[in-house]
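Peer 1: The structure under discussion is supplied below as structure tokens; questions concerning it will follow.
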Amino acid sequence: MKSTGRGRKAGSARQDSGNDSPRESTRARLARLGLTRDWDFLLHLPLRWIDETQVTPIDRLVPGAEQQAEGEVLANEIAIRGRRQLLVRVADASGELLLRFFHFYPSTRQQLAVGRRVRVYGPVRGGLMGLEIVHPRVHPVREGETLPQRLTPVYPTTEGIGQAWLRTRIERALRDVEISESVPAELLGDIGLPPLRDAIATLHRPPQGADATGLAQRHGPLWERIKFDELLAQQISLRTARARRAERSAPELAAGGELVARLHGALPFELTAAQQRVCREIEADLARAVPMQRLIQGDVGSGKTVVAALAAAQSIAAGFQAALMAPTEILAEQHFGRIAQWLCPLGVRVAWLAGKLKAAEKRAAQQAAADGSAQLIVGTHALIQDAVEFAKLGLAIVDEQHRFGVAQRLRLRSRAGAAERTPHLLMLSATPIPRTLAMSYYADLDVSVIDELPPGRQPVVTKLVAAGRRDEVLERVRAKAARGAQVYWVCPLVDDGEDESTAELTAATRMFDETRALLPELRFGLLHGQLPPAEKTEVMRRFAASEIDVLVATTVIEVGVDVPNATLMVVEHAQRFGLAQLHQLRGRIGRGTEKSFCVLLYDEPLSEPARARLKILYESADGFEIARRDLQLRGPGEFLGARQSGVPLLRFADLERDVDLLERARDVALKMLASYPEQAAAHVQRWLGTRAEYLVA
């Protein structure tokens, strides 16, 4: 990779000077777009293309189509017709066209002075005054000027960065940079894709007659080459992370210890075949001297906690500690209660560490972790505070791992204490990852799936009910409670003033008061994130003890809360929730042997995206199918929970549509790392630059 003509290295940041240099503020804006090197500009591909290569006579313009016409300006006036607007009439030999501007400057009117010849491009529509284009793209025609010979690119941009500047800068990069192949020829031969130079140059400069619509939809061999190289860079970076981790030393936690056998024997239930399979996978990993980095994914209620407890027992039996970190105090405390119930009778000391503890309790838990007297420490983010150290940490367990950033997971794992070796890492997720997403974003992890629910679990029946039928829902709640069942009533807000943009939503506090007034014979509880920790704990204790019939709550109950007697859930304003969140909420019921119902109360009219989400929930209880369709709706960046996953996100490839390319990229990545390591590193640098994140956590 080298630049021609100016003696610069293609991959380095460009050092512009003089009038050629953008202002400092412009540099900052470009950096936000990820544009700092020549290669960044080359890979800044258009969103769409404008076909200005041909002119359509005005009488042949088609309403609804984007077309270009050319003519002379006949009239130019500012009119007040409901609002101030600039009206310009342009004519050719076949007819007249009206140009309408609602936002304009004096320079706009000067550019369209009477007698000027102009080309105008935009979406044609019919109006009371004939054909018109609102806010067309205007190009003054110079004498003898010919039409462009290629489509005009329209690039992603930001405020202060104009299309003309971007086109000029990208053209300069195309002229200066030698677009060499970073993939060895012998590996490219089997792929059947065009050369990279052709793909990049043609996408920036599509020739006359190219299919602008197909290009915008990212179809065809040119785009396939771009997507393949991007996927290849991602796969190389993730596999490099795996290889670097393999160079580290981890404690060898021998399998088959007495404590693990005693825990198996003490459990009041049999493990499912899926749980047993995953336990064997974890057991084998922990016995190796290479740090485990395994993700356990399983639908809500599939039994991930007991698998984690058995893994912790293996670490403890080998003379090491284990730590389990959960994202909320409710979930962490529930883990603590359940795992302590299993392990404490076997002589294991389990410590609890959370922000709500009194200072003396917190110091005692920290001391127990530091001197090794606590063999398992369960807690929240409090586990990764500076004051917390472990005597000999062998296994770190992170529940709902997508809720923690990479730095947080790293920090828990870095506290090995006297063990000095890298602790094993076990991550749990009740948000199933679709196969293509796991192949792409978790290529550096080993993934185990618990794809079986414990016997006796009843599927939850989901009902979609318009908010106008609330009285019927209240009667169902009354009937359920009369038979001894319990009910969740979930609301998106705590109080009316929490968020002005959603002030029309039913607030949890108001719903608590109103529903309790309508059902005075029932016992109500209120749970939300703003309650003091001690009150939250007490409310959940009372609900679990059947001292509360109806628990009005926010999404604080989304994960981990386990009350088998709760068999009805009502979700207010269900259209406001995401698919994954609704599925998690629904997983709080159906945890016993009784048939359970989830009522999704929605407001009318429903938007099409909201209707699509609710329909998916209604049709499927399979978390993996729901996750697959959620990925289609939202895309990988949002699906993974913003950008804290720590992996390079994709700009061009579509994980549903491009799974074949992903599989080919994975195979080529392995071959490049084995036989062409320097080219593999250069390929990653070219495509990811400063975004190249090797996941060595």
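The values are calculated or read from the model by the stated rules, or taken from the named source; none is laboratory data. Everything numeric in this text was worked out from a predicted model, so none of it was measured. Reconstructed Cβ throughout: ideal geometry from the backbone, glycine too, with neighbour counts over all protein chains shown. We work out accessible area using only protein heavy atoms, side chains counted, and drop any ligands, DNA or RNA first. Shrake-Rupley method; radii C 1.70, N 1.55, O 1.52, S 1.80 Å.
Peer 1: Among the lysines, which fall within straight-line cross-link reach of K227, defined as a Cα-Cα distance under 23 Å, with same-chain neighbours fewer than 8 residues apart omitted?
Peer 2: Excluding near neighbours in sequence, the set is K2, K671.
Peer 1: Then there is this: Averaged across orientations, what area in nm² does the convex hull of the alpha carbons in the chain project? Spell out each step's value before the answer.
Peer 2: On the way: hull surface 151.1 nm².
Seen from a random direction, the Cα hull of the chain projects 37.8 nm² on average.
Peer 1: Further question on the same structure: Which order do the peptides 138-147, 653-662, 307-316 come out in when sorted by mean C-beta neighbours inside 10 angstrom, highest first?
Peer 2: Result, highest mean first: 307-316, 653-662, 138-147.
Peer 1: Can you give the FRET efficiency for A243 and R657, using 1/(1 + (r/R0)^6), R0 = 30 Å, r = Cβ-Cβ distance, to the nearest 0.05? Intermediate results must be reported in sequence, preceding the final value.
Peer 2: On the way: r = 29 Å, r/R0 = 0.98.
Rounded to the nearest 0.05, the efficiency is 0.55.
Peer 1: Now for a different question. Given A545, V570, T431, which one lies farthest toward the positive end of the charge dipole of the chain, if we put +1 on the Cβ of every Lys and Arg and -1 on the Cβ of every Asp and Glu?
Peer 2: Among A545, V570, T431, the one farthest towards the positive end of the dipole of the chain is T431.
Peer 1: Taking Cα atoms, how many degrees apart are the long axis of helix 533-544 and the longest axis of the chain, rounded to 10 and kept between 0 and 90?
Peer 2: It is inclined by approximately 70 degrees.
Peer 1: Still on this structure, please answer the following. Which value, in Å³ per residue, describes the convex hull spanned by the Cα atoms of the range 78-236? If you can, show how the numbers build up before the last one.
Peer 2: Working: hull volume 29.9 nm³, N = 159.
Here the figure is 188 Å³ per residue.
Peer 1: Suppose R0 equals 22 Å; then what is the FRET efficiency for R470 and A545 from their Cβ-Cβ distance, rounded to the nearest 0.05? Provide the component values of the computation, followed by the final result.
Peer 2: On the way: r = 29 Å, r/R0 = 1.30.
E(calc), rounded to 0.05, equals 0.15.
Peer 1: Next question, about the same structure. Counting only protein heavy atoms, what percent of the accessible surface of the chain is carbon or sulfur at a 1.4 Å probe? Display every interim value, and only then the final one.
Peer 2: Working: 15190 of 30350 Å².
Carbon plus sulfur share of accessible area: 50 percent.
Peer 1: Summing +1 for each Lys or Arg and -1 for each Asp or Glu, what net charge is found among the other residues whose Cβ lies under 14 Å from the Cβ of R109?
Peer 2: Values: positive: R84, R89, R100, R116; negative: E77.
Residues near R109 contribute +3 overall.
Peer 1: With all protein chains present and a 1.4 Å probe, how do K480, K358, K392 order by accessible area, largest first? Could you put the intermediate results ahead of the total?
Peer 2: Working: K480 20, K358 150, K392 80 Å².
Of K480, K358, K392, the descending order of accessible area is K358, K392, K480.
Peer 1: Return the ratio Rg/(2.2 N^0.38 Å) for the range 231-325, where Rg is computed over Cα atoms only. Intermediate results must be reported in sequence, preceding the final value.
Peer 2: Values: Rg = 15.2 Å, N = 95, 2.2 N^0.38 = 12.4 Å.
So the Cα radius of gyration is 1.22 times the expected 2.2 N^0.38 Å.
Peer 1: Oh, and also: Expressed in whole Å with the largest first, what are the equivalent ellipsoid semi-axes of the range 98-156 derived from the C-alpha gyration tensor as the square root of 5 times each eigenvalue?
Peer 2: Numbers: eigenvalues 82, 55, 36 Å².
Sorted largest first and rounded, they come to 20, 17, 13 Å.
Peer 1: Same structure again: In the range 329-394, what is the volume of the convex hull around the alpha carbon atoms, normalised per residue and reported in Å³?
Peer 2: Details: hull volume 5.6 nm³, N = 66.
Hull volume over Cα atoms, normalised by residue count, gives 85 Å³.
Peer 1: Follow-up. How far apart, in nanometres, would the label points at A261 and A93 be if each is projected 7 angstrom from Cα along the Cα-to-Cβ direction?
Peer 2: For A261 paired with A93, the spin-label model returns 9.9 nm.
Peer 1: Within 10 Å, count the other beta carbons around each residue, average over each peptide in 320-332, 179-191, 102-114, and list them highest first. Provide the component values of the computation, followed by the final result.
Peer 2: Numbers: 320-332: 24.9, 179-191: 14.8, 102-114: 12.7.
Packing proxy ranking, top to bottom: 320-332, 179-191, 102-114.
Peer 1: If Rh is defined by the Kirkwood formula over all Cα pairs and Rg also comes from Cα, what ratio Rg/Rh do you get for the range 155-230?
Peer 2: Details: Rg = 14.1 Å, Rh = 14.1 Å.
My calculation puts Rg/Rh at 1.00.
Peer 1: With N set to the number of residues, divide the alpha-carbon radius of gyration of the range 277-401 by 2.2 N^0.38 Å and report two decimals.
Peer 2: On the way: Rg = 13.8 Å, N = 125, 2.2 N^0.38 = 13.8 Å.
Taking N as the residue count of the range 277-401, the ratio is 1.00.
Peer 1: Also: Note down the nm distance, to one decimal, between modelled labels 7 Å out along Cα→Cβ at R125 and at D622.
Peer 2: Between R125 and D622, the label points sit 4.4 nm apart.
Peer 1: Further, regarding this structure: Which entries of K358/K536; K463/K536; K463/K595; K304/K463; K362/K392; K362/K536 have Cα-Cα distances beyond 25 Å here? Could the numbers behind the result be given before it?
Peer 2: Numbers: K358/K536 16 Å; K463/K536 29 Å; K463/K595 13 Å; K304/K463 28 Å; K362/K392 19 Å; K362/K536 19 Å.
K463/K536; K304/K463, as the Cα separations exceed 25 Å there.
Peer 1: Counting only other residues whose beta carbon sits under 14 Å from that of E472, what net charge do I get with K and R as +1, D and E as -1? Numbers along the way, then the final one.
Peer 2: Values: positive: K463, R469, R470, R476, R478, K480; negative: D471, E475.
For residues surrounding E472, the net value is +4.
Peer 1: I'd like the distance separating the alpha-carbon centroids of the range 343-362 and the range 146-215, in whole Å.
Peer 2: 60
Peer 1: Kindly express, to the nearest 10 degrees and within the range 0 to 90, the angle between helix 329-343's C-alpha long axis and the longest C-alpha principal axis of the chain.
Peer 2: Taking Cα atoms only, the helix is inclined about 40 degrees.
Peer 1: Applying 1/(1 + (r/R0)^6) with R0 = 41 Å to the Cβ-Cβ distance of K615 and E361, what FRET efficiency is obtained, to the nearest 0.05?
Peer 2: Values: r = 48 Å, r/R0 = 1.18.
So, using R0 = 41 Å, E works out to roughly 0.25.
Peer 1: If ligands, DNA and RNA are left out, what is the accessible area of T462 with a 1.4 Å probe, given in Å² to the nearest 10?
Peer 2: Surface open to solvent at T462 totals about 10 Å².
Peer 1: If you line up the long axis of helix 608-619 against the longest principal axis of the chain, both from Cα atoms, how many degrees apart are they, to the nearest 10?
Peer 2: 30
Peer 1: Where the centroid of each part is defined by its Cα atoms, how far is the range 591-624 from the range 58-136 in Å?
Peer 2: After rounding, the separation between the Cα centres reads 49 Å.
Peer 1: Around T213, under 13 Å between beta carbons, what's the net of Lys plus Arg minus Asp minus Glu among the other residues?
Peer 2: Details: positive: R48, R218; negative: D51, E66, D211.
Result for the neighbourhood of T213: -1.
Peer 1: Accessible area per residue, 1.4 Å probe, Å², for the chain: what's the number? List each step's numbers first, then the result.
Peer 2: Numbers: 30350 Å² over 697 residues.
Accessible surface, normalised per residue, equals 44 Å².
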